[in-house]
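Report on the structure given below.
The values are calculated or read from the model by the stated rules, or taken from the named source; none is laboratory data. Just so it is clear, the structure is predicted and the values come from calculations on it, not from any experiment. So basically every Cβ, Gly included, is an ideal-geometry build from the backbone, and we count neighbours across all protein chains shown.
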Amino acid sequence: MKPSKPLGVALLTTAMLAAAGCSGGSTGTGGEAKAPTDPKDVSGTITVLTHRTDLVQSGAMKKYAAEFNKTYPKVKVKFEGITDYEGEVKIRMNTENYGDVLMIPAVIGKNDYPKFFAPLGDTADMEKKYRFTGKTDVGGKTYGVASFGTANGFLYNKAVWKKAGVTDWPTTPQEFLDDLKAVKSRTDAVPYYTNFKDGWPLSSPWSNSIGSVSCDVKANDKLASDKKPWAASSDLNVIDTLLYDIVHDKYAEKDPTTTNWENSKNLLAKGKISSMLLGSWAVTQMQDAAKKAGENPDDIGFMPFPVQKDGKFCATLLSDYQQAVNIHSEHKAAARAWLDWFTEKSGYAAKEGAVSALRSAPMPVTLKPYEDNDVEYIERSEAKTGQVNAIDNASEIGLSKQDYRQKLIDIARGAQKGSLEGYFDELDQRWGEASAAAGG
Amino acid sequence: MGSGGKFSSASAGPTSRGSAPGPAAQSPQGLDKPAAQSSPWVEKPAQTPQRLDVLRKVTPWLFLLVPLALLITFTYVPVGNMIYYSFTDWDGVSPERNLTGVDNYTQLFTRPELFRVFFVSFYYLAASAVQIVIALYFATVLSFDLRFRNLFKGILFFPYLINGVAIGFVFLYFFQDGGTLDSVLSWFGAGGDHAWLGDAESANTSLAGVSVWRFTGLNFVLFLGAIQSIPGELYEAAQLDGASRWQQFRHIIAPGIKPVLSLSVILAVSGSLAVFEIPYIMTSGATGTSTFVIQTVKLAFQFNKTGLASACAVVLLLIILLITWIQRRLVPDEKVDLV
């Protein structure tokens, strides 16, 4: 049981020295990733890191590459589908070897973009052509282009709502709750499904609704200077109060701790769940589930967050992963060529039923109900996202993490002590302190 | 623990061999000695005695080169790095990191919510006690001649062989509303619809129950091995003297397996403090089931506080080392002598 002492000490010393030796960080070198002028000139093998393992496995990505090669014959594109994308790429980004084109992991601080990615051009030019450029704008340069974007809203089963006697979209949170009540009393469906166990449906869809309430493009940026984001009638207050009320009034599933996302798609398609807050990307998935279950895919409806400003609904329009070029890439021109081609010419966004990053591209069919009802799109400003994320991390609240809303639900259903007001006060206080510390 | 033990035994042997002087030294095995003397091929002195001497000294180290390199690369360097990170404000990706001194440690000890999660460990500690008692009981019973003895051994050990992730998923269905547990209970008329993972107390108890189910097999096998190493004549003699089963256990088995028992207690305590996969997969720490390790993982990978998380890991390491040390002090590792 006792290791020989001198050797142990020697090893520990070596370890410490090795640790100290590793501490030097590397900063990126290399210039802009310029779009090539002549497709015949670019060559090289590039690696594309993607979280869409399904598309890599099904061969869909290879088909895109083959199509790409018709224009750029000398570029060889290889794909690496990564299941735990965030976790794995974050660690790989400590080295220089993280592909040529990759999706920017959410953990990378916005201000660190210039250290990891090659600039794609001046934002002033880029924003004319692309949506969502603000998200990757650092110092007037754009570092990433969205693979696609989605609008936020509630997915609901039209047949169930009709059976409950609701035909119009609710315009206030109270109306929404009343509608859920009608669903509960007149049908067998669970009025709302939280997906508590899987967690992520509690994080991004709810936080993405910041802006839908106030109809304010700068709603997210305001969090950087807001000392009390959960104060009465603020976006977060309205959003989280609605979630609290849904659970507190027992309109959510009975046992949230054992929910299952994959199964929830079938349940919604079959009318066993009446609604879920998600992005428009989920519409096609739900329709597929309905087809597989032998139900009518047209029963899958999509409606905006139940708040109106001046008689109009607002829905946030947000970008999915942003594609960027590795600053250490040896084939920047080829990488840029792929990035541009994939965004503009591949038809990927249309296929996914999502909003294209190209401003000139038409809105997808899945958003037709929004178009028909004059829902205003809010393309949220991302100018201060870096600061907001810094405060968010420092406060350990996690606006785009599941934990704090899981606790909110626990309070609402009485599984943890506390009250809604008390919890909002606590969140406000934590945010305020972190904001002061982070120099917000 | 495991690697430390292996390391010490591996290094002790060769070092003493290396210091043995000259070719005439008796090799511990005594196997190569007759070969070196009687074999006709080794007769011609191809190598000078000095070179042989050097070779003899170096050889064990050459053999150790690979394991040592692996050990240093994958154990000591990461631990060193972790200790270094715990003094920085590193976020896990940024090329910049600043030394912040003991700031992370001060935070850890001044923010009560970071330490409060240790209370969850008491559920697992209580479960470990249950686990050891069950394992000991079955090990004792199955060490005597019984029908289907091997079958029962297999059944008890089986859960330990299943991957922890799979167990998490299986038990998620088990505890589901209207799941296996509810239906089994309803056969006996005790069917309610209790949300087993619904509130903190029942969730923690349920999760601790899963960990008992999983790890009893390991304790059981350890105990069984130890019990079977007790010479059989002792039981016979005890039986002739009229000792009951309980007396046999009390005076022969219990003292005979004392070292294994104390090892199990150390493993149980450190295991309870470092519970991770079962609650992480089943509840991901929601509803008050978060443990210290889950919290550490969340700090590191959700809030990008790699520095603070490293400090958490260092503190956990120190706590476990401390407990082990205290435990070894209280129950010294003495030789078992039953006769």
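Within region B:44-90, the set of residues being of a type in the set (A, V, I, L, M), surrounded by 13 or more Cβ atoms within 10 Å (Cβ to Cβ) and more than 11 Å from chain A (Cβ to nearest Cβ) comprises just one member, B:LEU52. Residues in region B:122-171 that are within 14 Å of chain A (Cβ to nearest Cβ) and buried (at least 20 other Cβ atoms within 10 Å of the Cβ): B:PHE171 only. Evaluating A:ASN263 against the criteria (1) touching a residue at least 40 places away in the same chain (Cβ under 8 Å); (2) more than 29 Å from A:GLU371 (Cβ to Cβ) leaves one unmet condition, (1). Taking the listed residues A:LYS197, A:LYS218, the one that is surrounded by 20 or more Cβ atoms within 10 Å (Cβ to Cβ) and basic (Lys, Arg) is A:LYS197, with no other qualifying. At least 1 residues being within 12 Å of chain B (Cβ to nearest Cβ) and of a type in the set (Phe, Trp, Tyr) is the threshold, and among the helices (runs of 4 or more DSSP H) wholly inside region A:349-423 those reaching it are A:403-412.
Of the residues making up region A:340-375, those that are over 26 Å from A:THR142 (Cα atoms) and acidic (Asp, Glu) are A:GLU371, A:ASP372, A:ASP374.
Here is a yes/no grid of residues against (1) within 14 Å of chain B (Cβ to nearest Cβ); (2) under 23 Å from A:GLY279 (Cβ atoms); (3) touching a residue at least 24 places away in the same chain (Cβ under 8 Å); (4) not aromatic (Phe, Trp, Tyr):
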site: A:ALA106; (1), (2), (3), (4): yes, yes, yes, yes
site: A:ASP112; (1), (2), (3), (4): yes, no, no, yes
site: A:ASP122; (1), (2), (3), (4): no, no, no, yes
site: A:ASP125; (1), (2), (3), (4): no, no, no, yes
site: A:ALA146; (1), (2), (3), (4): no, yes, yes, yes
site: A:ASN152; (1), (2), (3), (4): no, yes, yes, yes
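With respect to the conditions (1) polar (S, T, N, Q); (2) touching a Gly at 6+ places or on another chain (Cβ under 9 Å); (3) crowded, with 16+ Cβ neighbours inside 10 Å; (4) at pLDDT below 90, B:GLN248 lacks only one, and its number is (2). Restricting attention to region A:77-96 and to residues that are within 14 Å of chain B (Cβ to nearest Cβ) and in a loop (DSSP other than H, G, I, E, B), the residue that is surrounded by the most Cβ atoms within 10 Å (Cβ to Cβ) turns out to be A:MET93. The residue of region B:91-114 that is farthest from the chain's Cα centre (by Cα), among those that are part of a helix (DSSP H, G or I) and surrounded by 15 or more Cβ atoms within 10 Å (Cβ to Cβ), is B:ASP103.
Okay, residues lined up against (1) closer than 27 Å to A:ILE378 by Cβ; (2) modelled with pLDDT of 95 or more; (3) assigned to a helix (DSSP H, G or I):
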position: A:THR167; (1), (2), (3): yes, no, no
position: A:THR171; (1), (2), (3): yes, no, no
position: A:LEU177; (1), (2), (3): yes, yes, yes
position: A:ASP188; (1), (2), (3): no, no, no
position: A:ASN195; (1), (2), (3): yes, no, no
position: A:ASP198; (1), (2), (3): yes, no, no
position: A:SER204; (1), (2), (3): yes, no, yes
position: A:SER207; (1), (2), (3): yes, no, yes
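Listed by first and then second residue, the pairs with beta-carbon distance under 6 Å, at least 6 apart or on different chains, first residue in region A:224-235 and over 16 Å from A:TYR404 (Cα atoms), second among the aromatic types (Phe, Trp, Tyr) and part of a loop (DSSP other than H, G, I, E, B), form an empty list. If you go through region B:186-239 and keep only what is among the small types (Gly, Ala, Ser), within 14 Å of chain A (Cβ to nearest Cβ) and free of Cβ contacts under 8 Å to residues at least 60 places away in the same chain, you end up with B:GLY192, B:ALA195, B:SER202, B:SER206.
When we screen B:SER211, B:SER206, B:SER202 for residues that are in contact with a His (Cβ under 9 Å, 6 or more places away or on another chain), surrounded by 13 or more Cβ atoms within 10 Å (Cβ to Cβ) and within 21 Å of B:SER272 (Cβ to Cβ), the only hit is B:SER202. So, in region A:163-181, of the ones that are under 18 Å from A:ILE273 (Cα atoms) and surrounded by fewer than 17 Cβ atoms within 10 Å (Cβ to Cβ), which residue ends up farthest from the chain's Cα centre (by Cα)? Residue satisfying both the conditions and the ranking: A:GLY165.
Restricting the first member to region B:127-154 and to residues that are closer than 21 Å to B:SER264 by Cα, and the second to residues that are buried (at least 16 other Cβ atoms within 10 Å of the Cβ) and of a type in the set (Lys, Arg), the beta-carbon pairs closer than 7 Å and six or more apart or on different chains are B:LEU142/B:LYS153. Take A:LYS265 and decide whether it is within 28 Å of B:ASP182 (Cβ to Cβ) and in a loop (DSSP other than H, G, I, E, B). In short, no. Restricting to region A:56-76, name every residue that is part of a helix (DSSP H, G or I) and touching a residue at least 24 places away in the same chain (Cβ under 8 Å). Once the filter is applied, which keeps residues that are part of a helix (DSSP H, G or I) and touching a residue at least 24 places away in the same chain (Cβ under 8 Å), region A:56-76 yields A:VAL56, A:GLN57, A:TYR64, A:GLU67, A:PHE68, A:THR71. From the list B:GLY285, B:GLY242, the one residue that fits, being free of Cβ contacts under 8 Å to residues at least 40 places away in the same chain, crowded, with 16+ Cβ neighbours inside 10 Å and assigned to a loop (DSSP other than H, G, I, E, B), is B:GLY285.
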